[in-house]
1. With +1 assigned to the C-beta of every Lys and Arg and -1 to the C-beta of every Asp and Glu, and no other charges, what is the dipole magnitude of the chain about the Cα centre in debye, to the nearest 20?
2. Of Asn115, Ala68, Leu20, which is farthest towards the positive pole of the range 1-131's charge dipole, taken about the Cα centre with +1 and -1 on the beta-carbons of Lys, Arg and Asp, Glu respectively?
3. What is the ratio of the Cα radius of gyration of the range 1-88 to 2.2 N^0.38 Å, where N is its residue count, to two decimals?
4. Report for the chain the percent antiparallel among DSSP-assigned beta bridges with both residues inside it, nearest 5.
5. Each residue of the range 138-150 in order: what ³J(HN,Hα) in whole Hz does its phi give by Karplus 6.51 cos²θ - 1.76 cosθ + 1.60, θ = phi - 60°, with x for Gly and Pro?
6. Can you tell me the FRET efficiency between Asn36 and Lys10 if r is taken as the Cβ-Cβ distance and R0 is 22 Å, rounded to the nearest 0.05?
7. Give the carbon-plus-sulfur fraction of the accessible surface of the range 3-190 in %, rounded to a whole number; probe 1.4 Å, heavy atoms of protein chains only.
8. Take the alpha-carbon positions of the chain, form their convex hull, and give its projected area averaged over all directions (one quarter of the hull surface) in nm².
Amino acid sequence: MNCLEERILKDGIVKEGNVLKVDSFLNHQMDIDLFNEMGKEWKKRFEGANINKILTIEASGIGIACIAAQHFGVPVVFAKKSKSVNLEGEMYVAEVESFTHKCKNQVIVAKKFLNENDRVLIIDDFLANGCALQGLIQIVKSAGATVEGIGIAVEKGFQAGGRIIRNLGFQLESLAIVDDMDSKTGMIKFREEQ
Ligand code: 5GP
C-alpha cells in the first residue's frame, strides 16, 4: 500500500453520491510532504517521457501540479474556469461538466502558454467520469501539443473515466485507485497493484 492510499484510509471520508472527501490533506488543507511523495512517484512512472510542461485545472489540481513540477523541472499552466463566452482568438476553450457541482464550465488556457512544441503531462486530483480530463486533452490537441501522460491522485475505478482514457491510448498513472466505497460503513477498497 502506498502513502496516498494509507492517508485516504486514515483521513478520507466517503460521502453519499460517490464522493470521497479528502479535504483535510489533498484539496483544501494540503499536506505538502504527501504531495512531494506523489510528485516523486509520478516522476518515476514517467521516467523517460519527454515532458516540458504540466497542465492542470483550477482549483484543486494546482497545488499538486506545482509540487510535482519541482520533480520535473517544468512550468505549470492551469486551465481557468470561466463563464465568459467571447474568448475565442486568444484562448483555447473546452467545455467541462463538473462532477461535484453538476454544472458546466468553460475552461480556458491562453494560447501564449501552450503551443505545438509542448509535450504535456496533465495532472489532476480526481478522476471520476473523465470530463475534466477530456476537456484538458481537447485543449492540448487544440494547441497542436502532445499529451505525454496523465497523472491522477485518486481515480474512482468504479466510474467510467479511467477506462475511457486508457482506451484512448493515454498513459494514465493514478496513484490510488478506489474500486469500491460505501458511505454507510466507510469502507474503501483499493485496486491491487498490477
Ligand atoms: P470527472 O470530470 O472525471 O467526472 O471528475 C473529476 C473532477 O471532479 C475532479 O477535478 C474533482 O475536482 C472532482 N471530483 C470528482 N470526484 C470527486 C470526489 O469523489 N471527491 C472530490 N473531492 N472531488 C471529486
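The values are calculated or read from the model by the stated rules, or taken from the named source; none is laboratory data. Fair warning: this is a prediction, and the values are worked out from it, not measured in the lab. Glycine gets a Cβ as well: all are built from the backbone with ideal geometry, and neighbour counts include every protein chain shown. These accessible areas exclude ligands, DNA and RNA; they are computed on the full protein's heavy atoms, side chains included. Shrake-Rupley method; radii C 1.70, N 1.55, O 1.52, S 1.80 Å.
1. Working: 24 positive and 27 negative charges, 89 e Å.
For this selection, approximately 420 debye.
2. It is Asn115, whose Cα lies furthest towards the positive end.
3. Numbers: Rg = 15.1 Å, N = 88, 2.2 N^0.38 = 12.1 Å.
With N residues counted in the range 1-88, Rg over 2.2 N^0.38 Å equals 1.26.
4. Close to 40 percent.
5. Result, rounded to whole Hz: 4, 5, 4, 5, 4, 7, x, 8, 10, 7, 7, x, 9.
6. Approximately 0.80, to the nearest 0.05.
7. Roughly 47 percent, rounded to a whole number.
8. 10.4 nm²
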